[in-house]
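These notes concern the structure reproduced below.
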Amino acid sequence: MAAVISLQDIKRDFIVGSETVHALRGVSFDIQEGEFVTIMGTSGSGKSTLLNVLGCLDSPSSGTYLLDGNSVREMSKDQRAVLRNRKIGFVFQNYNLLAKTTAVENVELPLMYNSSVSAKERRERAVNALQTVGLGNRLEHKSNQMSGGQMQRVAIARALVNNPAVLLADEATGNLDTRTSFEILVLFQRLHAEGRTIIFVTHNPEIARYSTRNIFLRDGRITEDTINHNVEDAAAALASLPPEE
Amino acid sequence: MNYANLFKIAFKALSNNKFRTFLTMLGIIIGVASVITMLAIGQGSKRSIEQQISEMGSNMIMINPGGDRQGGVRMDPSAMQTLKLEDYEAIVSRATKIAAISPSVSKSGQFINGNNNTPSQMQGVGLGYLTIRQLQVESGDMFSEQDIASSAKVCIIGKTVVDNLFPDGSDPVGKVVRFNSIPFRIVGVLKSKGYNSMGQDQDNVVLAPYTTVMKRILAVTYLQQIVCSAVTEDETQNAIKEITEILRENHKLRDGDDDNFTIRSQQELSSMMSSTSEMMTVLLACIAGISLVVGGIGIMNIMYVSVTERTREIGLRMSVGARGRDILSQFLIETIIISITGGIIGVLLGVIATLLVNIIASWPVYIQPWSVLLSFGVCTITGVFFGWYPARKASSLNPIDAIRYE
Ligand SMILES: Nc1ncnc2c1ncn2[C@@H]1O[C@H](COP(=O)(O)OP(=O)(O)OP(=O)(O)O)[C@@H](O)[C@H]1O
Ligand SMILES: [Mg+2]
């Protein structure tokens, strides 16, 4: 299998006043197509920074980042924009939906910037993506008319709608209750089963059991990188949860 | 990027945020409307002053008998009889800088037509009087040279006199009115001029041949006044010099003798008024400038604040694949829609406000096309620029920095 993502000695420094914060101090790893990776670590260890670099939302201070074999650092801003549009689905920790905009319009957004998708196809794909995340009955609800879990799922649908090569999620279950978290995990496992590459940042070590590979970050460095040979089934875990009152 | 999509994006952004759109538009609307209204009021006053000047006939020259009164010294009554018909004829035959000339004698009194009567002034004048005073005949005719030669009992009357003497609305031409128990046949009616800047009713006049008034009414041989107009406004001073020479010679005055007549031009008055009008022009420029700056700053603030607020939205759009130029096009389309719609509404509102000022406060107003273009142009360009500029700044950020922008 080809490496979708290949990082070599990625560093990211932030200059705050006269101080330099080393958020990433040289991170290297390869992620193969079809892997489901969880990135864990204490608060401030650099998980979000790493994910932003992977999502081409932020540029590393140094190091090489190959996405599908292409060096991201050597690309122009516009090329990176197109890359985000076609190859990457990003789920933000705080959803980042467009305000006062319906679920389906939010999900259509990435396709609006892809002129090869017709209006009709755009709508169909957005509706499909929303059905995938179980929001087929909330198409016309606006962002402020939905619960946190629903907004999270809209954000996931938006990340899925462009059929991305990699799906990046930053604490996608961080704000959700156990049941909803499991529902989302089930969704991610299903997407993974369909062959998608997923990178999932989380605080919660339990979630690691449902992914194929676990990376631990500490102070901007990888301290552990293990393959999980014993992936548990989130659907079963969900079924075994005590029933809702 | 496909422009249909960008338009869709821009329209959605506008319609999903109607209140923000309205507020942004409001800045432009108020800017445009206030500039138009201010300028219309300024222009209106300026034009009404200019009109008064031109209506006065700024190249008019008045020759009166008697020297300049000095310090309230009473004049010898005979001094008031120094202006003779010969003087008039001398000026007519010798002056070269004069376009029109007319003697003037007058007497106030009642004009009577059957049961109706009205006080007015019987003015004895020559044919040149119409040109000098910029009067026009509306119906009938001016009396003729022959009427002057024969001291005919004919007259031409103004609108106010017509209204007072013929309240039933019948045609006065050909009718006979009495003045000083002398019957005068009305040969024509003058076109209405309304009130002048001094508040005088310019339509309350009756003109008759000066010969008739001198012989049949006043029984005098001297003239009360000679009025004439210089060929051009610029020649007024030269014309006065010329007339002075002719009259001094005619009156056999020696060097060193004071003039026994007075010549005045309306230029003194009109130059004062035109300087007022020039001041108005400067004032107007200031009003326009200040309104534009104030309007512009308002628009700039609203646009700037709204785009700054939208930096997170810009970051989000970039994170799902919008390129810098997609963001810029979207914001450009949005601000152009807002600015142009706001501009058009502003123009309409400005025109309405101007009309209201005119109707309610009855101030003179005048909307000049360039003021509409100027305010519309400046406000929309300011709007578009300050919508575009912060968007350009935001779209040059890293997507993640834009998303986290506070
Ligand atoms: N824009 C920034 N400017 C300055 N410092 C930053 C910036 N973003 C992150 N940092 C610093 O980089 C370090 C890593 O931050 P990061 O957000 O990646 O942590 P994290 O692992 O995601 O933590 P958490 O689990 O709390 O979300 C922190 O010390 C943080 O202060
Ligand atoms: Mg984080």
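Overview of values
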quantity: Total accessible surface hidden between A and B, rounded to 100 Å², 1.4 Å probe; calculated: 2500 Å²
quantity: Per residue, in Å², the accessible surface of the range A:1-113 once ligands and nucleic acids are set aside, probe 1.4 Å; calculated: 38 Å²
quantity: Label-point separation, residue B:175 to residue A:119 (7 Å along Cα→Cβ), nm; calculated: 7.4 nm
quantity: Accessible surface of chain B [probe 1.4 Å, protein heavy atoms]: carbon and sulfur percent; calculated: 57 percent
quantity: Cα centroid separation - the range B:309-333 against the range B:1-42, whole Å; calculated: 19 Å
quantity: Under 15 Å, Cβ to Cβ, from residue A:46 - net charge with Lys/Arg +1 and Asp/Glu -1; calculated: -2
quantity: The range A:117-145-the range A:1-62 distance, computed between alpha-carbon centres (Å); calculated: 31 Å
quantity: At R0 = 41 Å, FRET efficiency that the Cβ-Cβ distance of residue B:340 and residue B:136 yields, to 0.05; calculated: 0.30
quantity: Rough spin-label spacing in nm, given labels placed 7 Å along Cα→Cβ, for residue B:361 and residue B:405; calculated: 4.1 nm
quantity: Peptides ranked, highest mean first, by Cβ atoms within 10 Å: ranges B:17-30, B:142-155; calculated: B:17-30, B:142-155
quantity: Share, in percent, of DSSP beta bridges within the protein assembly as shown that are antiparallel, nearest 5; calculated: 70 percent
quantity: Among beta bridges that DSSP assigns inside the range B:97-232, antiparallel share in %, nearest 5; calculated: 80 percent
quantity: Accessible surface, per residue, of the range B:318-381 when the full set of protein chains is kept, probe 1.4 Å, Å²; calculated: 46 Å²
quantity: Net charge, residue A:114 excluded, C-beta distance under 9 Å - Lys, Arg +1, Asp, Glu -1; calculated: +2
quantity: Residue B:121 versus residue B:3: modelled label distance in nm, points set 7 Å from Cα along the beta carbon direction; calculated: 6.9 nm
quantity: Share, in percent, of DSSP beta bridges within the range A:3-239 that are antiparallel, nearest 5; calculated: 60 percent
quantity: GNM flexibility winner over chain B from B:361, B:391, B:230 (Cα, springs under 10 Å); calculated: B:361
quantity: Accessible area of the range B:97-232 divided out per residue, in Å², using a probe of 1.4 angstrom; calculated: 44 Å²
quantity: Eligible lysines near residue B:84 by straight Cα distance, threshold 20 Å, same-chain separation 8 or greater; calculated: B:107, B:215, B:241, B:252
quantity: Partner chain coverage, peptide A:110-120 - average Cβ within 10 angstrom; calculated: 5
quantity: For the range B:194-263 versus the range B:81-148, the gap between their alpha-carbon centres in whole angstrom; calculated: 11 Å
quantity: For A:87-93, mean number of other protein chain Cβ atoms within 10 Å; calculated: 2
quantity: Cβ-based net charge around residue B:152, under 13 Å, with every Lys or Arg adding one and every Asp or Glu removing one; calculated: +1
quantity: Rounded FRET efficiency, nearest 0.05, which uses the C-beta distance separating residue B:373 from residue A:70 and R0 of 51 Å; calculated: 0.45
quantity: Anchor residue A:87: lysines whose Cα lies under 17 Å away (excluding residues fewer than 8 positions away in-chain); calculated: A:77
quantity: Carbon plus sulfur fraction of accessible area for chain A, probe 1.4 Å, in percent; calculated: 46 percent
quantity: Average partner coverage of B:320-330, which counts Cβ from other chains inside 10 Å; calculated: 6
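The values are calculated or read from the model by the stated rules, or taken from the named source; none is laboratory data. All values reported here derive from a predicted model rather than from experimental measurement. Glycine also receives a Cβ, built like all others from the backbone with ideal geometry; neighbour counts cover every protein chain displayed. Heavy atoms of the whole protein, side chains included, go into the accessibility calculation; ligands, DNA and RNA do not. Shrake-Rupley method; radii C 1.70, N 1.55, O 1.52, S 1.80 Å.
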